[in-house]
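Asker: Just passing along the structure, written as structure tokens.
Read-outs throughout are calculated quantities, based only on the coordinates presented, and are distinct from any laboratory measurement. On a predicted model such as this, the values are computed, not experimentally measured, just so you know. We place every Cβ from the backbone using ideal geometry, glycine too, and count neighbours over all the protein chains shown.
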Amino acid sequence: MLLEVKNIEKHYGQRPFLFKRGQEAPVLQKVTFSLQEGECLGIVGQSGSGKSTLGRIILGIERPTNGEVLFQGINLYTATSKHKKMMRRDLQAVFQNSYHSFNPKQTIFEILEEPFLNFEHFNKSERQQKVRELLDCVELESALTQNYPSQLSGGQQQRVNIARALALHPKLIVLDEAISSLDMILQKHIIQLLQTLQKEMKLAYIFISHDLQATRFMSDRILVMQHGQLVEEIGEDGAYQHPASQELYNAILPSHPRERANNRFE
Amino acid sequence: MNLVRKDRVHSKGLFSLPLLLIIGLLGLFAPIVMPHDPLAVDIAKKFLAPSWDYPLGTDHLGRCVLSRLLLGIRYSFGSALVIQLVAIVLALLLGAFVALKRGIIDFLFIRICDILLAFPTLVLAFGLLGLLGPSLKNVLLALIFTQLIYYSRMIRSLFIGINKKEFIQAARITGTSGIKLVIRHYIPNLLPPIVTIVALDVGKVILEIAGFSFIGLGVQAPIPEWGMMVNEGKQYIRQHPELMLYPGLAIVLVVLLFNHLANNLKKLD
Ligand SMILES: Nc1ncnc2c1ncn2[C@@H]1O[C@H](COP(=O)(O)OP(=O)(O)OP(=O)(O)O)[C@@H](O)[C@H]1O
Ligand SMILES: [Mg+2]
């Protein structure tokens with residue numbers, strides 16, 4: 001098992017030390033699921049249902065109030081620093097807000113060489129070569145390397161983010177609304193790219209989105225979240241029962257005029 | 001086009017930097033550029049008017065005023081720079097440490113800082129000087145201490161502000177941690193505000209050093225610190241007001257230059 005998430009709970013509104021305030025309503029409750037190597041799992045749910053919070057917990061950057069996350073059998077939050085360092089290599093992410101994921105004082109080159117600086121012993125020209133390959137992979141021109149993130153368009157920024165996540169050939173990438181901001185053609189390209197990589201490198205994805213269509217296209221299974229709970233798992237057959245799933249399905253705008261006629265926002 | 005114009009404005013705004021450099025060099029090479037020994041007493045030559053030999057005249061003990069002003073650069077301007085540099089380096093280490101550790105250390109740090117910051121810095125420095133006794137070394141220690149409290153508290157807040165930023169999380173996910181994280185991501189984003197505030201406070205510190213000397217708690221005679229010179233001149237304010245005026249103007253000039261520099265550094269970011 002690549003990833004096991006057991007009984008995760010998360011409350012906000014606690015001070016870490018002294019003067020504890022009363023607990024606020026939980027953002028996540030009893031979230032349990034697991035993921036095989038090379039699998040692609042979709043997580044959908046309405047805005048505010050706790051998807052991004054769950055993503056951050058899986059990534060090991062936000063401690064859950066209760067429960068544990070095992071990555072390749074090792075607990076993320078109690079691992080030794082040596083293990084943590086190894087896991088960092090295999091566990092990558094692309095965040096919802098692309099611009100904020102960049103240090104505004106770094107150039108694109110500096111952003112993309114950072115994973116190599118941390119884990120490999122490449123010299124400068126090797127790193128330049130690697131960065132060029134990465135940019136190629138997400139269809140960006142290598143002339144952009146000397147630019148700052150603020151000089152890129154939103155879609156370009158997001159592709160740099162994806163390139164950074166791919167740099168070290170991780171085992172799992174958490175994609176939080178990673179392609180929602182891209183144009184349709186590019187979305188398709190990126191999805192195809194991700195799928196090729198998945199096959200080639202046994203890469204697993206957690207694909208977080210409120211876009212059910214893209215998620216269905218990408219994922220083997222889909223988990224539906226509502227108010228911080230997993231309410232349903234939609235498998236290969238696409239069958240669903242829960243009202244929350246129903247609502248998400250209804251929200252897909254029909255593309256054909258005939259369907260549009262008898263499916264006007266009831 | 002826009003960028004070029006902006007740069008031009010800034011480079012104009014930075015003219016205080018070369019002036020400050022010149023003043024610093026004058027202080028550094030004071031023994032070479034001084035026309036006379038600034039400590040040599042010669043009562044026969046007291047209160048001389050400006051002349052080629054004594055460009056700014058002499059004081060009540062017949063010492064060359066210009067030489068004293070030049071050597072005074074070391075004590076006023078130089079000490080202020082030393083205080084600021086030592087304070088900010090220590091504050092960076094301390095502030096970064098508590099901000100990244102958090103927990104009880106951070107909690108205690110905040111409480112202690114808040115108690116100490118409740119006193120105006122001058123009062124705090126006064127108390128310390130009273131304890132340590134008046135001397136140049138103790139002025140330095142007292143002011144480094146008060147600046148350190150203030151700066152480490154500020155740097156802790158700046159660090160914690162950045163802690164929450166997504167790019168720090170992204171960098172952690174990329175595998176950057178510890179000192180590398182601080183050097184690559186915190187420092188470049190914090191440097192502009194820190195440099196600005198340090199430059200701005202040099203003026204304040206110069207005034208404080210001078211203030212302590214003036215009331216007799218700081219540098220002791222015969223060291224030609226500018227505040228000290230103002231103090232010595234005040235006995236002769238009626239007959240020879242220029243003895244207070246020269247060091248007073250020197251203080252005003254340097255403080256203004258630093259404030260100007262700081263203001264323009266702020267705009268550069
Ligand atoms: N740092 C925080 N402090 C307090 N509450 C938070 C924090 N982060 C998230 N929340 C709360 O947790 C809930 C879930 O937020 P989350 O960002 O996980 O939602 P989401 O499902 O990703 O939504 P979206 O689809 O809009 O991105 C929200 O109600 C939000 O107010
Ligand atoms: Mg979200």
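Asker: Of the listed peptides B:74-86, B:45-57, A:65-77, what is their order by residue-averaged count of other C-beta atoms within 10 Å, with the highest listed first?
Answerer: Details: B:74-86: 20.8, B:45-57: 14.5, A:65-77: 16.2.
Per-residue mean Cβ counts within 10 Å order the peptides as B:74-86, A:65-77, B:45-57.
Asker: Taking the 0 to 90 degree range and rounding to the nearest ten, how far is the long axis of helix B:103-117 tilted relative to the main principal axis of chain B, both from C-alpha atoms?
Answerer: Helix B:103-117 sits at roughly 30 degrees to that axis.
Asker: Now for a different question. Evaluate peptide A:113-125: per residue, the Cβ atoms of other protein chains within 10 Å of its Cβ; return the mean as an integer. Provide the component values of the computation, followed by the final result.
Answerer: Numbers: counts 0, 8, 5, 2, 5, 6, 2, 0, 0, 0, 0, 0, 0.
Partner-chain Cβ atoms within 10 Å, mean over residues of A:113-125: 2.
Asker: Let me ask you something else. What is the extension gain from B:I160 to B:K101, computed as 0.36 nm multiplied by their sequence separation minus the C-alpha to C-alpha distance, in nm to one decimal?
Answerer: Numbers: separation 59, 0.36 × 59 = 21.24 nm, distance 1.05 nm.
Taking B:I160 through B:K101 to full extension adds about 20.2 nm, to one decimal.
Asker: First check a/c for region B:183-269, with a ≥ b ≥ c the square roots of the eigenvalues of its C-alpha gyration tensor; if it is under 1.5, answer rounded, and if not, answer prolate when a/b is larger than b/c or oblate otherwise.
Answerer: Values: a/c = 5.18, a/b = 2.47, b/c = 2.10.
In terms of gyration-tensor shape, prolate.
Asker: Also, quick follow-up: Quick one: which of A:233-243, B:228-238, A:160-170 comes out on top by average Cβ neighbours within 10 Å, and what's the full order, highest first?
Answerer: Values: A:233-243: 11.9, B:228-238: 18.3, A:160-170: 22.7.
Taking the mean over residues of other Cβ atoms within 10 Å, the ranking is A:160-170, B:228-238, A:233-243.
Asker: Sticking with this one: Sequence neighbours fewer than 8 away in the same chain don't count; with that in mind, list the lysines whose C-alpha is under 24 Å from B:K137.
Answerer: By straight Cα distance, B:K137 reaches B:K204.
Asker: A further question on this structure: What is the average number of partner chain Cβ atoms found within 10 Å of a Cβ in A:83-89? Before the final figure, lay out the partial values.
Answerer: On the way: counts 0, 2, 2, 1, 1, 6, 2.
Average neighbour count from other chains, rounded to a whole number: 2.
Asker: In region A:114-159, which GluC sites (Glu not before Pro) are in a loop and have at most 15 other Cβ atoms within 10 Å, using DSSP for the loop call?
Answerer: When the GluC sites (Glu not before Pro) of region A:114-159 are filtered for loop state and at most 15 Cβ neighbours within 10 Å, A:E120, A:E139, A:E141 remain.
Asker: May I pose another question? When only C-alpha pairs under 8 Å and at least 6 residues apart count, what is the relative contact order of chain A, in percent? Don't jump to the answer; show the numbers that get you there.
Answerer: Numbers: 456 pairs, mean separation 68.1, N = 266.
Once divided by the residue count of chain A, the mean separation gives 26 percent.
Asker: Pull out a ≥ b ≥ c, the square roots of the eigenvalues of the alpha-carbon gyration tensor of region B:1-156, then state rounded if a/c is under 1.5, prolate if not and a/b is larger than b/c, and oblate in the remaining case. Working shown, then result.
Answerer: Numbers: a/c = 3.54, a/b = 1.52, b/c = 2.33.
Here region B:1-156 falls in the oblate category.
Asker: To the nearest whole number, what is the average tally of beta carbon atoms from other chains within 10 Å of the beta carbons of peptide B:102-113? Walk me through the numbers before you get to the answer.
Answerer: On the way: counts 2, 2, 3, 0, 2, 5, 0, 0, 0, 0, 0, 0.
Mean number of neighbouring Cβ atoms from other chains: 1.
Asker: Where both partners of a DSSP beta bridge lie in the protein assembly as shown, what percent of those bridges are antiparallel, to the nearest 5?
Answerer: Working: 18 of 37 bridges.
If we restrict to bridges inside the protein assembly as shown, about 50 percent are antiparallel.
Asker: Put +1 on the Cβ of each Lys and Arg and -1 on the Cβ of each Asp and Glu in chain B; which of B:S16, B:G203, B:N163 then has its Cα farthest toward the positive end of the dipole?
Answerer: So the residue we want is B:N163.
Asker: Packing-wise, with mean Cβ within 10 Å as the measure, how do B:215-223, B:102-110 rank, highest first? Don't skip to the end; give the middle numbers.
Answerer: Numbers: B:215-223: 18.0, B:102-110: 14.0.
Those peptides, ordered most packed to least, come out B:215-223, B:102-110.
Asker: Another question about this same structure. List A:D176, A:D220 from most exposed to least, where exposure is judged by having the fewest other Cβ atoms within 10 Å. List each step's numbers first, then the result.
Answerer: Details: A:D176 21, A:D220 15.
By the 10 Å Cβ count, ascending: A:D220, A:D176.
Asker: List the aspartates and glutamates whose Cα lies under 18 Å from the Cα of A:K171, skipping any in the same chain that are fewer than 8 positions away.
Answerer: Candidates past the 8-residue exclusion: A:E4, A:E37, A:E39, A:D90, A:E120, A:E200, A:D220.
Asker: What FRET efficiency do you get for B:L61 and B:V86 if R0 is 30 Å and r is their Cβ-Cβ distance, rounded to the nearest 0.05?
Answerer: Numbers: r = 33 Å, r/R0 = 1.11.
It comes out at approximately 0.35.
Asker: Antiparallel DSSP bridges in chain A: what percent, to the nearest 5? Each step should come with its number before you reach the end.
Answerer: On the way: 17 of 36 bridges.
Restricted to chain A, the bridges split so that about 45 percent are antiparallel.
Asker: OK, next. Anyone know which of B:E166, B:E242, B:E225 comes out most mobile in the 10 Å Cα GNM of chain B?
Answerer: Its mean-square fluctuation being the largest, the pick is B:E166.
Asker: Shifting gears a bit: If the only charges are +1 at each Lys and Arg Cβ and -1 at each Asp and Glu Cβ, what is the size of the charge dipole of region B:2-268 around the Cα centre, to the nearest 20 debye? Working shown, then result.
Answerer: Values: 25 positive and 13 negative charges, 240 e Å.
So the dipole magnitude of region B:2-268 works out to roughly 1160 debye.
Asker: Sorting B:I73, B:I155 on the 10 Å Cβ count, fewest up front, what's the list?
Answerer: With the fewest neighbours first, B:I73, B:I155 line up as B:I73, B:I155.
Asker: With charges set only on the Cβ (+1 for Lys and Arg, -1 for Asp and Glu), what does the dipole of the protein assembly as shown come to about its Cα centre, in debye to the nearest 20?
Answerer: Details: 55 positive and 44 negative charges, 208 e Å.
Dipole of the protein assembly as shown, to the nearest 20 debye: 1000 debye.
Asker: In deg cm²/dmol, rounded to 500, what helix-only [θ] at 222 nm does the protein assembly as shown give when every DSSP H run of at least 4 residues adds -39500 (n - 2.57) and the total is split over its residues?
Answerer: Numbers: 22 runs with 287 residues, N = 535.
After summing the helix terms and dividing by the residues of the protein assembly as shown, the value is -17000 deg cm²/dmol.
Asker: For a test of the definition: using alpha carbon positions, the gyration tensor, and the 1.5 limit on a/c, classify the protein assembly as shown as rounded, prolate or oblate. Write down the numbers at each step before the final one.
Answerer: Details: a/c = 3.28, a/b = 2.50, b/c = 1.31.
Cα axes put the protein assembly as shown in the prolate bin.
Asker: Mind scanning B:K165/B:K266; A:K6/A:K82; A:K105/B:K180; A:K10/B:K180; A:K124/B:K164 and naming the pairs with a C-alpha gap bigger than 26 Å? Kindly include the intermediate steps, with their values, before the conclusion.
Answerer: Working: B:K165/B:K266 22 Å; A:K6/A:K82 23 Å; A:K105/B:K180 15 Å; A:K10/B:K180 30 Å; A:K124/B:K164 31 Å.
Where the Cα-Cα span goes over 26 Å, the pairs concerned are A:K10/B:K180; A:K124/B:K164.
Asker: Most exposed first by the Cβ proxy, i.e. fewest other Cβ within 10 Å, how do B:T146, A:T107 rank? Kindly include the intermediate steps, with their values, before the conclusion.
Answerer: Numbers: B:T146 26, A:T107 17.
Ordered by Cβ neighbours within 10 Å, fewest first: A:T107, B:T146.
Asker: Given that compact globular proteins tend to follow 2.2 N^0.38 Å, what is the ratio of the alpha-carbon Rg of region B:2-268 to that value? Intermediate values should be presented prior to the final figure.
Answerer: Working: Rg = 22.0 Å, N = 267, 2.2 N^0.38 = 18.4 Å.
In units of the globular-protein estimate, region B:2-268 measures up at 1.20.
Asker: When the dipole is taken about the Cα centre of region A:32-117, and only Lys, Arg (+1) and Asp, Glu (-1) are charged at their Cβ, what size is it in debye, to the nearest 20? Let's see the in-between values first.
Answerer: Details: 9 positive and 8 negative charges, 56 e Å.
Dipole size: approximately 260 debye.
Asker: Using alpha carbon centroids, what distance separates region B:81-95 and region A:90-151, in Å?
Answerer: 34
Asker: How high is the relative contact order of region B:2-268? Use alpha-carbon pairs under 8 Å, at least six apart in sequence, and give a whole percent. Please report the intermediate quantities before stating the final value.
Answerer: Details: 340 pairs, mean separation 61.9, N = 267.
Reported relative contact order: 23 percent.
Asker: Here's something else I'd like to know. Mind telling me which of B:F126, B:F15, B:F167 comes out most flexible in a GNM of chain B, alpha-carbon contacts under 10 Å?
Answerer: B:F167
Asker: For chain A, set up a GNM with springs between Cα atoms under 10 Å and report which of A:G50, A:G13, A:G42 has the largest fluctuation.
Answerer: Residue with maximal mean-square fluctuation among A:G50, A:G13, A:G42: A:G13.
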